[in-house]
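As structure tokens, the structure follows; a few thoughts come after it.
The values are calculated or read from the model by the stated rules, or taken from the named source; none is laboratory data. Remember, predicted model here, so these are calculated numbers, not experimental data. Cβ placement follows ideal geometry from the backbone for every residue including glycine, while neighbour counts extend to all protein chains displayed. Accessible surface is based on the protein model in full, side chains and every heavy atom, while ligands, DNA and RNA are left aside. Shrake-Rupley method; radii C 1.70, N 1.55, O 1.52, S 1.80 Å.
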Amino acid sequence: MKTVSIVISAYNEDGNIAALYQALSKELEKVKNVCFEILFVDDGSKDKTFSEVSKLQKQDSRVKIVQLKRNFGHEIAMTAGMDYAKGDAVIFMDADLQHPPLYIPQMVQYWLDGSEIVLTKRVDNVATSRFYKLCAKSFYWLLNLLSDTKIPESMPDFRLIDRKYVNFLKGFNEQDRLFRGLLSWIMPNDKVKVIDFKAPNRFSGKTKYNFIKSMQLAINSITQFSVRPLHLATYLGLAGAGCSLALGFYVIIERFIRHNPTPGYATIVAAVGFIGAVQLITLGIIGEYIGKIHLEVKKRPLYLADFIEKKPDKKAK
Ligand code: UDP
Ligand code: MG
């Protein structure tokens with residue numbers, strides 16, 4: 001019988017675990033002729049997430065736990081889950097019920113019918129404000145403008161991936177990773193299905209992404225998939241040089257040909273400020289990439305984890 005692993009990354013989600021498990025078990029019962037393993041990745045939670053999932057494991061041997069030794073972040077948590085998952089397909093989902101288990105039977109059915117990747121598309125996200133939606137839209141526009149790997153908007157990490165593609169994904173060893181981008185990189189042209197869904201509010205707790213974290217993710221996403229910002233730095237430098245040259249000519253013409261010397265300090269301050277800004281931006285962009293190289297060359301392990309699974313009860317002879 002085929003097995004599907006469900007990888008759920010959880011960081012401080014103790015208020016959601018029981019409700020998620022309940023909703024999930026109800027849906028899994030509807031799927032016949034497929035075995036499931038439910039793999040919770042506890043991403044170094046400081047609340048009772050681990051004891052909540054341990055409780056579930058006592059009553060259900062399908063529940064397995066990857067306990068990360070500290071908080072490594074959502075992308076690494078999903079990677080750890082993927083590494084330990086044994087299924088013929090892997091479903092990734094969040095722990096806060098914003099990825100409703102309701103859609104899992106449909107995902108599995110598509111896969112059984114031959115699809116190799118089943119994506120989901122948020123058609124409405126009640127949890128986010130208009131401002132956030134606008135920021136997200138601008139971010140994806142910029143990302144897709146700057147990057148060769150196109151990442152579609154509104155496609156969350158809630159998805160099913162066949163073992164063949166899971167193995168491809170396991171071949172990526174970069175520290176700094178964006179699952180969505182990696183998946184776009186290996187995405188086949190066919191055998192992909194998309195399910196539309198409405199994302200509800202979080203069941204309990206707060207989002208783990210604040211403005212700063214979202215910005216970091218945005219910058220990382222761009223630098224991971226593109227070197228175009230480096231070209232942009234060059235163009236900025238060239239534009240700055242062009243402007244200063246034009247200004248220089250203007251001053252010379254005013255002074256020696258039209259005998260009308262311009263009072264200097266305002267122009268000088270503006271020019272110096274402009275050139276300084278261009279240099280700083282350029283250095284910043286180069287710095288982002290050097291920082292990435294610094295992190296990647298060390299080839300440190302991506303995470304440290306314990307894997308906890310309930311041994312099947314030995315039957316008394
Ligand atoms: N998450 C994680 N590690 C982190 C941050 C988040 O495993 O460092 C998990 C979190 O528990 C949730 C999922 O990633 O299951 C998505 O996080 P969240 O709901 O906060 O993001 P949002 O839905 O607000 O974008
Ligand atoms: Mg969420």
Condition test on S115, is it more than 17 Å from D157 (Cβ to Cβ) and without any contact (Cβ under 8 Å) to a residue 40 or more places away in the chain? no
Of D148, D94, D124, the only residue that is of a type in the set (D, E, K, R) and more than 16 Å from ligand 1 (Cβ to nearest atom) is D148
I'd like the residue in the range 194-232 that is touching a Leu at 6+ places or on another chain (Cβ under 7 Å) and away from ligand 1 (no atom under 16 Å from the Cβ) and, out of all such residues, is nearest to A18 (Cα to Cα). V194
Keeping to the range 122-134, report how many residues are hydroxyl-bearing (S, T, Y) and either assigned to a loop (DSSP other than H, G, I, E, B) or in contact with a Leu (Cβ under 6 Å, 6 or more places away or on another chain) (or both). 2
Subset of the range 254-268 that is of a type outside the set (V, I, T) and part of a helix (DSSP H, G or I) - its residue that is farthest from the chain's Cα centre (by Cα): F256
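Checking the condition under 30 Å from A233 (Cα atoms), open to solvent by 60 Å² or more (accessible area, probe 1.4 Å), assigned to a loop (DSSP other than H, G, I, E, B) and not polar (S, T, N, Q), which residue from K137, K150 passes? Lay out the reasoning, then the answer.
Details: K137 fails: assigned to a loop (DSSP other than H, G, I, E, B).
Criteria check complete, one pass: K150.
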Sole exception among (1) within 15 Å of ligand 1 (Cβ to nearest atom); (2) buried (at least 18 other Cβ atoms within 10 Å of the Cβ); (3) farther than 21 Å from F179 by Cα for L39, by number: (3)
Got at least one residue in the range 282-303 being over 29 Å from L178 (Cβ atoms) and open to solvent by less than 90 Å² (accessible area, probe 1.4 Å)? no
Does K46 satisfy being among the basic types (K, R) and surrounded by 21 or more Cβ atoms within 10 Å (Cβ to Cβ)? no
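What residue, among those in the range 49-81 that are among the hydroxyl-bearing types (S, T, Y) and open to solvent by less than 20 Å² (accessible area, probe 1.4 Å), is nearest to ligand 2 (Cβ to nearest atom)?
Of the residues in the range 49-81, the ones among the hydroxyl-bearing types (S, T, Y) are 49, 51, 54, 61, 79.
Next cut, open to solvent by less than 20 Å² (accessible area, probe 1.4 Å) only: 49, 79.
Working: T49: 14, T79: 18 Å.
Checking each candidate, the answer is T49.
If we keep just the residues of the range 183-224 that are of a type in the set (F, W, Y) and part of a helix (DSSP H, G or I), which is surrounded by the fewest Cβ atoms within 10 Å (Cβ to Cβ)? Working first, answer last.
Taking the range 183-224 first, the residues of a type in the set (F, W, Y) are 185, 197, 203, 209, 211.
Still in the running and part of a helix (DSSP H, G or I): 185, 211.
Details: W185: 15, F211: 9.
Looking at the filtered set, the residue picked out is F211.
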Let me spell it out: the conditions are (1) touching a helix residue (DSSP H, G or I) at 6+ places or on another chain (Cβ under 9 Å); (2) in a helix (DSSP H, G or I); (3) at pLDDT 85 or above; (4) among the aliphatic types (A, V, I, L, M), and A271 meets all of them except one. Which number is the exception? (3)
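Look at the range 60-91 and say how many of its residues are free of Cβ contacts under 8 Å to residues at least 40 places away in the same chain, within 9 Å of ligand 1 (Cβ to nearest atom) and on the phi < 0 side of the Ramachandran plot.
If we filter the range 60-91 for residues that are free of Cβ contacts under 8 Å to residues at least 40 places away in the same chain, which is where we start, we get 60, 62, 73.
Remaining after also requiring within 9 Å of ligand 1 (Cβ to nearest atom): 73.
Imposing the further condition that a residue be on the phi < 0 side of the Ramachandran plot reduces the set to none.
Qualifying residue count for the region: 0.
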